[in-house]
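S.K.: Take this structure, written in structure tokens, and hold onto it; I'll ask about it next.
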Amino acid sequence: MNTQIATGPPANFDLTQLGKVPLDETHTFIFESARGACGGSPMWRVRKEVEARELIALAQVSERIAILMLDLREDIRVQFIMRVPVPCMPSPDGPIHFATAAEVGLVYPATAVVEPQPGYSFACLLRPLQAWHPNIGPFATGQRICLGPTLPAGVQTREIIFLLYRLFALQTAQFNSFDPAGVMNGAAADWWQRNVDKIPLTNESFLSFAASLRATATENNL
Amino acid sequence: MNNRNCLTEISLPPGASPAPLADFGERLPPFIGGPEDAAQRLASVRALVAGSGSVGLEVVETLARWKVAEIAVVDPKRFKGESVLTHGIPPEAVGESKAFYAGRLAKRISPLTRVSAAERGFETIGFAELARFSVVFLATDNLLAELKVSQACLSLGTPVVQGSVHGECLCGHVRFFGHGGPEAPCVACGYTRDEWAHLNRSTLYSCEGSGANTPAEGQPTRSLSSLCSLAAQLASLQFARDLLGLGAPVRDTVLEYCAYTHQTVITKLVRKPDCPCEHQVLRRTAAPRAIRNCSLRELQEAAGLGTAVTFEVDGGLWAEQGRCECGEWGALGRFVSESDTTYGPCQLCGKATKGHPFQCHRRVPAAVTEPFRDQQLGALGAVDICWAAVRSNQHGALFLDPTP
């Protein structure tokens, strides 16, 4: 069997080195394709290129996310799949089940660099469709994901990715439906308040996925 | 910056005479080195005052005494008991809207001036509405409002005169942003790391979906009322000097007066090379006809900025794709309003398709609109619009309908 093992981060890797990670052929192609059409003011273009490269490097080293589309023409517009359990409840009476991945659409506008943005303004869950999560809005409004009351001006896209991961995994979530700061689905908030024994959905850290893949591959070789 | 006509025009109370008590020229001096048409220049001013507190209210009153053409006042707050300590108001005004109180005062002083007010924040003023003002006076109490005023006015090339005080130091400041081009400074060019942090802290956004923001209750202005009045009068004088060409240029300067020492310092404001804000002044360009009857291609050609451009229209989002409840995606290719993105039935199940947030663009790259470039904007859903903007990486053009 031909197993492809990712180019993982070095042992002393930390996120400050993300911009220096050499991209492999696939990820270089994604980056260069998006960069070729990058538009906007000079400062915004520089910012987008830095953000995009870090995002792609994060996808490469973590293998937690796979980028499907990256568009830098105006906003940073990225569609990706994140490997994380996503709670779903297709029928109001249950049972709950867990999708193994989330397909997410993220839009980072130029205004987010200089103005704090509402926490629900960046990301939408594209699939699965029947998410059962206190901080994910109804399908009718695009399954917007609320990351908190407000995100600070200049928040980095990689931070948004980490927030999304912790949110999906219910490592951080806001259940209080009387607090307007984050609850997009009151029924789900109520349900999860009554089922706190089920959370978090995973204790894995975002960056541990690639390491576990490598460990599995090593075991198989043995 | 999307709701239009949010300003309410203020009329005289019933029975009040619309005739002015005196002609402004009776007290206007022949300024040394000044223009002969000083009165006419002042009379042609159309000013918007953002923030009608202890500084802004004084500015409004002064503009009314100059009998300018138009004054608009925006302020979301009402007077509190403590306001009497710093504002030029009588106790009876407590509880009244700051904006409407200032507007009514201005109208009484200058009945022929067109006066309007809004008990709202600056961001509710429509772009086309803002475009008719020749100057904006900024006297708000939070950095986010400052930033929004600066960004909107910079893109229109409208000067901003900001008056502020630092009560403990007995200092008054007037910053004059000329917004003359991409190399001119904006408010954010002078922000320190602390100010960016404060900007982030002082704002609360609700998750309830309206996108509205409510500034958190901030620190009240602690100052002697004299200092507030002084800052307002200095701001007015700086504007008059600019308008009438009196003395050295005041554009892109900050004037600081300290009452401890009676010293005045004038410092040049410069653009920060790595300012994160957009520094693009839109060139006002005539549309071939009413904007809703123009196609995107016509606007693009009239803008003369090449093909790698983006389009933005008044209050509209370009919905590239929509999604039905059944999960089916469908191509839309039209403008939808921010409040209602519903459009057409799903081809699969017949239910309503909605523009999806991930597939909606406020500024849409031209390439995305290619199949629809020759259709009129009205046919593409942009019916009730007053303006459209075409931008390249370096330049931009603004199309305004004559009567917003």
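The values are calculated or read from the model by the stated rules, or taken from the named source; none is laboratory data. Keep in mind it's a predicted model, so treat the numbers as computed, not measured. Note that we place each Cβ from the backbone using ideal geometry, even for glycine, and neighbour counts take in every protein chain shown.
S.K.: Yes or no: residue A:77 over 11 Å from residue A:27 (Cβ atoms) and out of contact with any strand residue (DSSP E or B) (no Cβ under 7 Å at 6 or more places or on another chain)?
M.R.: Values: over 11 Å from residue A:27 (Cβ atoms): yes; out of contact with any strand residue (DSSP E or B) (no Cβ under 7 Å at 6 or more places or on another chain): no.
For residue A:77, the condition - over 11 Å from residue A:27 (Cβ atoms) and out of contact with any strand residue (DSSP E or B) (no Cβ under 7 Å at 6 or more places or on another chain) - is not met.
S.K.: While we're looking at this one, here's another question. Are any of the residues in segment A:136-157 more than 12 Å from chain B (Cβ to nearest Cβ), out of contact with any Lys or Arg (no Cβ under 6 Å at 6 or more places or on another chain), closer than 29 Å to residue B:148 by Cβ and in contact (Cβ under 8 Å) with a residue 40 or more places away in the chain?
M.R.: For segment A:136-157, residues more than 12 Å from chain B (Cβ to nearest Cβ), out of contact with any Lys or Arg (no Cβ under 6 Å at 6 or more places or on another chain), closer than 29 Å to residue B:148 by Cβ and in contact (Cβ under 8 Å) with a residue 40 or more places away in the chain: present.
S.K.: Of everything in segment B:337-353 that's among the charged types (D, E, K, R) and either over 26 Å from residue A:78 (Cβ atoms) or touching a Phe, Trp or Tyr at 6+ places or on another chain (Cβ under 7 Å) (or both), which residue is surrounded by the most Cβ atoms within 10 Å (Cβ to Cβ)? Working first, answer last.
M.R.: The first filter runs over segment B:337-353 and keeps only residues among the charged types (D, E, K, R), leaving B:338, B:340, B:351.
Within this subset, residues satisfying the condition of being either over 26 Å from residue A:78 (Cβ atoms) or touching a Phe, Trp or Tyr at 6+ places or on another chain (Cβ under 7 Å) (or both) are B:340, B:351.
Details: B:340: 9, B:351: 12.
Step by step, filter segment B:337-353, then rank; the result is B:351.
S.K.: Quick one: how many residues across segment B:188-203 are more than 10 Å from every other protein chain (Cβ to nearest Cβ) and either closer than 14 Å to residue B:141 by Cβ or part of a helix (DSSP H, G or I) (or both)? Don't jump to the end; show me each part of the working.
M.R.: Of the residues in segment B:188-203, the ones more than 10 Å from every other protein chain (Cβ to nearest Cβ) are B:189-190, B:192-195, B:198.
With the extra rule that they be either closer than 14 Å to residue B:141 by Cβ or part of a helix (DSSP H, G or I) (or both), the set shrinks to B:189-190, B:193-195, B:198.
Summing the residues that are more than 10 Å from every other protein chain (Cβ to nearest Cβ) and either closer than 14 Å to residue B:141 by Cβ or part of a helix (DSSP H, G or I) (or both) in segment B:188-203 gives 6.
S.K.: Can you report the number of residues in segment B:247-269 which are in a loop (DSSP other than H, G, I, E, B), surrounded by fewer than 17 Cβ atoms within 10 Å (Cβ to Cβ) and aliphatic (A, V, I, L, M)?
M.R.: Final tally of qualifying residues: 2.
S.K.: How many residues does segment B:91-114 contain that are within 17 Å of residue B:21 (Cβ to Cβ) and among the polar types (S, T, N, Q)?
M.R.: Filtering segment B:91-114 for residues within 17 Å of residue B:21 (Cβ to Cβ) gives B:104-113.
Pick out the ones that are also among the polar types (S, T, N, Q) and you get B:110, B:113.
Qualifying residue count, segment B:91-114: 2.
S.K.: Just to be sure before I move on: is residue B:327 assigned to a strand (DSSP E or B) and farther than 23 Å from residue A:109 by Cα in the structure I sent? Don't jump to the end; show me each part of the working.
M.R.: Numbers: assigned to a strand (DSSP E or B): no; farther than 23 Å from residue A:109 by Cα: yes.
So residue B:327 fails the test.
S.K.: Here is a follow-up. Name the single residue, out of those in segment B:330-362 being in contact with a Cys (Cβ under 9 Å, 6 or more places away or on another chain), assigned to a strand (DSSP E or B) and within 13 Å of chain A (Cβ to nearest Cβ), that is farthest from residue A:126 (Cα to Cα).
M.R.: Filtering segment B:330-362 for residues that are in contact with a Cys (Cβ under 9 Å, 6 or more places away or on another chain), assigned to a strand (DSSP E or B) and within 13 Å of chain A (Cβ to nearest Cβ), the one farthest from residue A:126 (Cα to Cα) comes out as B:336.
Here's the yes/no breakdown for (1) within 13 Å of chain B (Cβ to nearest Cβ); (2) modelled with pLDDT under 95:
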| site | (1), (2) |
| --- | --- |
| A:20 | no, yes |
| A:24 | no, yes |
| A:33 | no, no |
| A:39 | yes, yes |
| A:51 | yes, no |
| A:71 | yes, no |
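S.K.: Then there is this: Could you tell me whether residue A:68 is surrounded by fewer than 21 Cβ atoms within 10 Å (Cβ to Cβ) and not basic (Lys, Arg)?
M.R.: On the way: surrounded by fewer than 21 Cβ atoms within 10 Å (Cβ to Cβ): yes; not basic (Lys, Arg): yes.
Yes: the conditions hold for residue A:68.
S.K.: Scan segment A:96-115 for residues that are more than 12 Å from the chain's Cα centre (by Cα), without any contact (Cβ under 8 Å) to a residue 40 or more places away in the chain and either farther than 20 Å from residue A:167 by Cβ or in a strand (DSSP E or B) (or both) and jot them down.
M.R.: A:97, A:99, A:109, A:111, A:115 - these are the residues of segment A:96-115 that are more than 12 Å from the chain's Cα centre (by Cα), without any contact (Cβ under 8 Å) to a residue 40 or more places away in the chain and either farther than 20 Å from residue A:167 by Cβ or in a strand (DSSP E or B) (or both).
S.K.: Also, I was wondering about something else. Would you mind stating whether residue B:33 is within 21 Å of residue B:147 (Cα to Cα) and part of a loop (DSSP other than H, G, I, E, B)? I'd like the intermediate steps shown before the answer.
M.R.: Values: within 21 Å of residue B:147 (Cα to Cα): no; part of a loop (DSSP other than H, G, I, E, B): yes.
For residue B:33, the condition - within 21 Å of residue B:147 (Cα to Cα) and part of a loop (DSSP other than H, G, I, E, B) - is not met.
S.K.: Still on this structure, I have one more. Name the residues in segment A:158-174 that are within 14 Å of chain B (Cβ to nearest Cβ) and free of Cβ contacts under 8 Å to residues at least 40 places away in the same chain, would you?
M.R.: Passing the criteria: A:159, A:167.
S.K.: Quick check: anything in segment A:84-95 in a loop (DSSP other than H, G, I, E, B), closer than 17 Å to residue A:167 by Cβ and within 13 Å of chain B (Cβ to nearest Cβ)?
M.R.: Taking segment A:84-95 as the starting set, the residues that turn out to be in a loop (DSSP other than H, G, I, E, B) are A:84-85, A:89-95.
Of the ones still in play, those that are also closer than 17 Å to residue A:167 by Cβ are A:84-85, A:89.
Those left that are additionally within 13 Å of chain B (Cβ to nearest Cβ): none.
Scanning segment A:84-95 turns up no residue that is in a loop (DSSP other than H, G, I, E, B), closer than 17 Å to residue A:167 by Cβ and within 13 Å of chain B (Cβ to nearest Cβ).
S.K.: Which residues, counting only those in segment B:114-137, are buried (at least 22 other Cβ atoms within 10 Å of the Cβ) and over 13 Å from residue B:152 (Cβ atoms)?
M.R.: B:115, B:116, B:117, B:118, B:137
S.K.: Still on this model: Hey, could you check segment B:270-295 for residues that are in a loop (DSSP other than H, G, I, E, B) and touching a strand residue (DSSP E or B) at 6+ places or on another chain (Cβ under 6 Å) and say which is farthest from the other protein chains (Cβ to nearest Cβ)?
M.R.: Of everything passing the filter in segment B:270-295, B:287 is farthest from the other protein chains (Cβ to nearest Cβ).
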